[in-house]
Amino acid sequence: MPFNAQPLRGAIISNSIEGLDQLYRSDHRIQYDILEITADFQPDLSAYQVLIAPNGTDHVALYRMRDRIHKFLDRGGALLCCDGWFTDWVPGNRWVMDNSRKTIDVRYTLREDPFGVEEQFNIQDLNFSHGISGWWACGYIEAAPGATVLIEDTWQRPLVVVDEVTTNGIMVLSASGPLADLSYATTDDSKAYEAMSNLYKALLNVILQNTPKEEVV
């Protein structure tokens, strides 16, 4: 499917995380708005095609608006979750926190790649930061039946999932790890820094190729 001629509109959920406007840069692909969480957070998503939950998102707030998110997806919207979630607000998929494995044994590999992510992103640069493995993901995802497992760990546990089957929309889900146009300063390793940014852009391209530009109401 070709890229949209007009930029998509993306809503970034924020619980006052400093610097989000610098991490997510609007361009010809997507125009971002930052939606600050309030005590009665129930935002109107009708003008947006993409909903983004960045690293550090308040998942309790998203759980409270889960019905609104489900409706957004059922109308063809796209969800990009760049963070493991500890409440069940993501339809059909479940994040599991697990630190029982030694990080020295963790390696990330591509399992399925129908979207050509490998051409945009070098996964080997994500495997190590200053020689340390297992630094990026936290836990794993119990993926919905029929979803595409894009990235897995040493034990074939899903870390990045693309779900086009559970709803009428598309969900791109990460087990954790900060992802943005410009990555969080969690590492000063230039290859790891670039890998996170390139992975985000590749995942955004998956959404761009599979999301209509019409309003989602």
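Coordinate-derived values only; no laboratory data. Fair warning: this is a prediction, and the values are worked out from it, not measured in the lab. Positions of Cβ are generated from backbone atoms using ideal geometry, with glycine treated the same way; all protein chains shown enter the neighbour counts.
Values computed for the structure shown
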item	result
Under-24-angstrom lysine pairs by C-alpha in the chain, whenever the two are 8 or more apart or on separate chains	4
Net length gained if the chain between Glu36 and Arg64 were fully extended (0.36 nm per residue, minus Cα distance)	8.6 nm
The chain shape via C-alpha gyration tensor axes, a/c threshold 1.5	rounded
Ranked packing of 144-154, 104-114, most packed first, by mean Cβ within 10 Å	144-154, 104-114
Cα-projected label distance for Asp27 with Asn122, points at 7 Å along beta-carbon direction, nm	1.9
Pair Gln156, Leu182: separation of 7 Å Cα→Cβ label points (nm)	4.2
Extreme residue, positive dipole direction of segment 8-210, given options Leu204, Ile30, Ile141 (C-beta unit charges)	Ile141
Antiparallel %, DSSP beta bridges [both residues in the chain], to 5	45
By average C-beta atoms within 10 angstrom, highest first, the peptides 156-162, 36-42, 83-89	156-162, 83-89, 36-42
Simple Cβ-charge dipole of segment 8-210, Lys/Arg +1 and Asp/Glu -1, about Cα centre, in debye nearest 20	280
The chain - mean residue ellipticity at 222 nm from DSSP helices (-39,500 (n - 2.57) per run, n ≥ 4, rounded to 500)	-5500 deg cm²/dmol
Pairwise centroid distance, computed over Cα atoms, of segment 126-170 with segment 72-100, Å	11
Low-density loop positions, trypsin sites (Lys or Arg not before Pro), segment 1-63 - DSSP coil, at most 12 other Cβ in 10 Å	Arg25
